1. Counting alpha carbon pairs within less than 8 Å and at least 6 residues apart, what relative contact order, in whole percent, applies to the chain?
2. Tell me, what are the semi-axes, in whole angstrom and largest first, of the equivalent ellipsoid of the chain as set by the roots of 5 times the Cα gyration tensor eigenvalues?
3. Please compute the modelled spin-label separation between residue 74 and residue 50, points set 7 Å along Cα→Cβ, answer in nm with one decimal.
4. May I ask you to order 95-107, 66-78 by the average number of other C-beta atoms within 10 Å around their residues, highest value first?
5. Calculate, in nm to one decimal, what residue 9 and residue 109 gain on full extension: separation in residues at 0.36 nm each, minus their alpha carbon distance.
6. Would you mind telling me the antiparallel percentage of the DSSP bridges in the chain, rounded to 5?
7. On a full-extension model of 0.36 nm per residue, what is the gain between residue 64 and residue 25, subtracting their alpha-carbon distance, rounded to one decimal in nm?
8. Given the Cα-Cα distance of residue 98 and residue 57 and 0.36 nm per residue of separation, how much length would full extension add, in nm?
């Protein structure tokens, strides 16, 4: 399964994302970030977006970019531990419009778990 992880400006949540990336078994890791967000672990692909766009335009930008990077599987794992509500809505809407199913991935004491 491929992992799509949103990395926002809120660095206090990056540990959760790093743990999901490193502790999970993923076919591919795709990081969605803004230009001001630092780089993430090697072995990941990156989609850079302009978070200042209006919601509908941000969703469309994500839709076009994500289609190029995803393999065509029926579902992806998604980490939205970081980012803003607008970024979350645009990303979820773009993924559902591709269309792919979403399984929310989190890291807990038990390891990577899907919460849906």
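Each value in this text was obtained by applying a stated rule to the coordinates, not by laboratory testing. Values in this document were obtained by computation on a predicted structure and should not be read as measured data. So basically every Cβ, Gly included, is an ideal-geometry build from the backbone, and we count neighbours across all protein chains shown.
1. The value is 32 percent.
2. 20, 16, 13
3. According to this spin-label approximation, the distance is 3.8 nm.
4. 95-107, 66-78
5. Between residue 9 and residue 109, full extension yields 33.5 nm more.
6. Of all bridge pairs located within the chain, approximately 20 percent are antiparallel.
7. Separation in residues times 0.36 nm, less the Cα-Cα distance, equals 11.5 nm.
8. Extra length available between residue 98 and residue 57 comes to 13.2 nm.
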